[in-house]
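Values in this text are rule-based calculations from the coordinates and carry no lab data. None of these values were measured; they are calculated from a predicted model. Glycine also receives a Cβ, built like all others from the backbone with ideal geometry; neighbour counts cover every protein chain displayed.
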Amino acid sequence: MKNQKIVITKIGAPETMQVVDEEIKSPSGSDVLVKILTTGVAFADISIRYGQYPGVPKPPVTPGYDLIGIIEQTGPDVSSFVVGDKVAALTVFGAYSKYISLPASQLVKIPQQIDPIKSEALVLNYVTAYQMLHRVSKVKPKQRVLIHGASGGVGTALMQLGKLMEQDMVGTASQKNHALLKKYGVTPINYRTQDFEEILKNNPVDVVFESIGGKNIQKSLKVLKKGGLLVYYGARSSIQSGKYVNGLMGKSIVESIFYNILPNGKKTTFYAINAKKQIQQFREDLTSLIQLLNEGKIDPVIGATYPLEQAAAANQAMENGDHIGKIVLICN
């Protein structure tokens, strides 16, 4: 039985990714073999490809932060899952593949009838947004928030979940995506032609969801109310003029922590999802999101889908910012 996966052969641009065939081994112990239906393209995948994501093996390595799949085989010590169960998992790397072997403890059982493309967006993007809203910022209904990169995968999740809380939302996005922001009741700001600091200086916000990094953190702090919170979770600005700026993400994390000690009455925090250490929270939050999806209260924005073999093109689209919402790879 053969597996097909994408391998980053060396640090660099999307063309360093290649399709590789390998033999599939039966799972042992408490592991399970998962047939991957869908996996998402995340900014972390780009960081991995450029050798900038902490804790990930150096090339050759297979990216892929999350997945929706079906259990194909179980190890002899597995009793919590059976063949045919539909599952979700945060893998961090390895999910750009048709099959993957994982510890059963990392999996979350999900309803059989759930759409594997829509639900794929929940696993990383919506759980990230949900946890930043409810576990990190603990933002209250009708508070004023600023969402950077509002038309992206996490940004669209923040908008949809924020609308359920009747938040007063402002979002930065390119002009072509302003209609999408308005759909969710978000006041749009064109980050290319408008200065959000100037626009919001007399009407500050309670919470900023900061995904850009670099100088954007300083500007975001200036539009934050005293007693407000900046949640930093990404570094989109690490790609500039088609090139990856090494070290910008790490520097932005340090800066976000440093600004937290300034005596200005404002707080900052760095958020990174960690399902392995907080698997119970991940299960709870993903279950809540699946319920919202089933009830029609959220509807993940899928910007594009690609077959697994076109992972390089999907990564290039992510780097270019030529998408809205979630980019999904179809693996089987």
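Descriptive notes on the structure:
- The chain - share of DSSP beta bridges that are antiparallel (%, nearest 5): 55 percent
- For GLY227, neighbours were defined as the other residues whose beta-carbon sits under 11 Å from its Cβ, and their charges (Lys and Arg +1, Asp and Glu -1) total +3.
- Taking a straight line from the alpha carbon of LYS5, these aspartates and glutamates sit under 12 Å away, with near neighbours fewer than eight places off in the same chain left out: ASP21, GLU22, GLU23, GLU309.
- One quarter of the convex hull surface built on the alpha carbon atoms of the stretch 121-270 amounts to 8.6 nm², the projected area averaged over directions.
- Cα coordinate range in the chain, projected on the principal axes (Å, largest first): 63, 41, 37
- Extension gain, LYS226 to ILE261: 0.36 nm times the residue separation minus the Cα-Cα distance gives 11.2 nm.
- Positive contributions from Lys and Arg (+1) and negative ones from Asp and Glu (-1), summed over other residues with Cβ under 13 Å from the Cβ of LYS183, come out at +1.
- Per-peptide average of other Cβ atoms within 10 Å, ordering 226-234, 90-98, 19-27, 118-126 highest first: 118-126, 90-98, 226-234, 19-27
- Cα centroids of the stretch 58-85 and the stretch 173-232: 39 Å apart.
- For the chain, built as a Gaussian network whose Cα springs stay under 10 Å, the top-fluctuating residue of ARG236, ARG144, ARG192: ARG192
- Shape summary: the stretch 248-319 maps onto an equivalent ellipsoid whose semi-axes, from the alpha-carbon gyration tensor, are 31, 23, 14 Å in decreasing order.
- Positive-end extreme of charge dipole, the stretch 1-94 - chosen from THR74, PRO63, ALA88 (charges on Cβ): PRO63
- Cα-projected label distance for ASP299 with GLN175, points at 7 Å along beta-carbon direction, nm: 2.8 nm
- Expected 222 nm ellipticity per residue - DSSP helices of 4 or more, -39500 (n - 2.57), all of the chain, to 500: -7000 deg cm²/dmol
- Note that the stretch 1-100 carries a Kirkwood radius of 14.1 Å, evaluated over its alpha carbons pair by pair.
- Sorting the segments 61-70, 313-322 by their mean number of nearby beta carbons within 10 angstrom, highest to lowest, gives 61-70, 313-322.
- Cross-link table LYS109/LYS176; LYS277/LYS326; LYS222/LYS251, entries beyond 28 Å C-alpha to C-alpha: LYS109/LYS176
- Relative packing of 210-221, 34-45, which averages over residues the other C-beta atoms within 10 Å, highest first: 34-45, 210-221
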